[in-house]
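Peer 1: Dumping the structure here so I can ask a few things about it.
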Amino acid sequence: MKRQHICKRCGTERYQDDQGKWFCPDCILEEMDATFLDPHADDPGELKKPYVLRPPTKQISIRLAVGDVELARKLARQKGVPKYQTYMKTLLHDALVREAQERQ
């Protein structure tokens, strides 16, 4: 049976975070500044659009050999990539970067 950790301050159950430290959610909420949780008090800053780390993409349509698509699906599954299109996009990007570096 697991040992239950009880908060000495408020008497509720404490939980362990991913770093192994024990905390009481009720006590943490009491310690927080009320403006921290207020979405209207948050300053959005100067960015008008959300900052996106991915470059813009363009949808295209290409015809590939059935065997190539099946092989891409198999390899993507083996590598743990959920979608074979993502795997193929990564392969294409890597090949383009490598080709560009060789030409310089």
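Peer 1: In region 70-97, what residues are closer than 23 Å to residue 58 by Cα and loosely packed, with under 10 Cβ neighbours inside 10 Å? Talk me through it step by step, then tell me what you get.
Peer 2: Initial filter on region 70-97 (closer than 23 Å to residue 58 by Cα): 72-73, 76, 81-97.
Listed by number, the list holds a single entry, 82.
Peer 1: Tell me whether region 17-28 contains one or more residues that are assigned to a loop (DSSP other than H, G, I, E, B), modelled with pLDDT of 75 or more and of a type in the set (S, T, N, Q). Steps first, please.
Peer 2: First pass over region 17-28, keeping only residues assigned to a loop (DSSP other than H, G, I, E, B): 17-21, 24.
Imposing the further condition that a residue be modelled with pLDDT of 75 or more reduces the set to 17-21, 24.
Checking which are of a type in the set (S, T, N, Q) leaves us with 19.
The answer is yes, given that some residue of region 17-28 is assigned to a loop (DSSP other than H, G, I, E, B), modelled with pLDDT of 75 or more and of a type in the set (S, T, N, Q).
Peer 1: Tell me yes or no: at least one residue of region 39-59 is in a loop (DSSP other than H, G, I, E, B) and modelled with pLDDT of 85 or more. Walk me through how you get there before you give the answer.
Peer 2: Applying the first criterion (in a loop (DSSP other than H, G, I, E, B)) to region 39-59 yields 39-59.
Then drop every residue that is not modelled with pLDDT of 85 or more, which leaves 58-59.
Checked region 39-59: at least one residue is in a loop (DSSP other than H, G, I, E, B) and modelled with pLDDT of 85 or more.
Peer 1: How about region 67-104: which of its residues are in a helix (DSSP H, G or I) and hydrophobic (A, V, I, L, M, F, W, C)? Working first, answer last.
Peer 2: Of the residues in region 67-104, the ones in a helix (DSSP H, G or I) are 67-79, 84-103.
Result: 69, 71, 72, 75, 76, 88, 91, 92, 95, 96, 97, 100.
The values are calculated or read from the model by the stated rules, or taken from the named source; none is laboratory data. Computed from a predicted structure; not experimentally measured. Neighbour counts run over all protein chains shown; Cβ positions are idealised from the backbone, glycine included.
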